Amino acid sequence: MAVKLFELFYLNQADHIVLVTGDTDIMPAIVTCKKLFSKPISIILPYKRFNAAFDSIVTKSIKIKADTYGKHQLPSKIDLADGKHIHKPTEW
């Protein structure tokens, strides 16, 4: 992910990058890309993931709430054009 972040900005393929992660391993890449490219980087933190260290290095930080997952689930069954079906795992 760190290399892709750098690549997108270096090739001028993004004006603003939004990452969905709570993993702090990406922080050095965020700091370096903000310094080199001066473009905004935002982060979306999964439910129950929080690290205040992100607040000082990203443009914006958003936390996903528990009920958000329920609102954006796949249907239990998806019918494909070829007549086959995809079933959502019950543990989801």
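Out of the residues in region 53-92 meeting the condition of being of a type in the set (S, T, N, Q) and within 16 Å of the chain's Cα centre (by Cα), tell me which one is surrounded by the fewest Cβ atoms within 10 Å (Cβ to Cβ). It would help to see each step written out before you state the result.
Residues of region 53-92 that are of a type in the set (S, T, N, Q), as a first pass: 56, 59, 61, 68, 73, 76, 90.
Remaining after also requiring within 16 Å of the chain's Cα centre (by Cα): 59, 61, 68.
Numbers: THR59: 14, SER61: 16, THR68: 11.
Checked region 53-92; the qualifying residue surrounded by the fewest Cβ atoms within 10 Å (Cβ to Cβ) is THR68.
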Residue hits (region 1-38; closer than 15 Å to ILE57 by Cα and more than 15 Å from the chain's Cα centre (by Cα)) are PRO28, VAL31, THR32, CYS33, LYS34, LYS35, LEU36, PHE37, SER38
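Check every one of the strands (runs of 3 or more DSSP E) wholly within the chain and list those with 3 or more residues that are β-branched (Val, Ile, Thr). Please lay out each step first, then the result.
Values: elements: 17-20, 41-45, 60-63, 77-79, 85-87.
So the answer is 17-20, 41-45.
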Selection from region 28-47 of residues surrounded by 17 or more Cβ atoms within 10 Å (Cβ to Cβ) and hydroxyl-bearing (Ser, Thr, Tyr) yields none
Within region 1-27, of all residues that are of a type in the set (Gly, Ala, Ser) and touching a helix residue (DSSP H, G or I) at 6+ places or on another chain (Cβ under 8 Å), the one surrounded by the fewest Cβ atoms within 10 Å (Cβ to Cβ) is ALA2
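A short reminder: the numbers here are calculations on the coordinates, not readings from a lab. Only a predicted model underlies this, so the values are computations on that prediction, with no experimental measurement involved. Don't worry about glycine lacking a Cβ; one is built from the backbone with ideal geometry, like all the others, and counts go over all protein chains shown.
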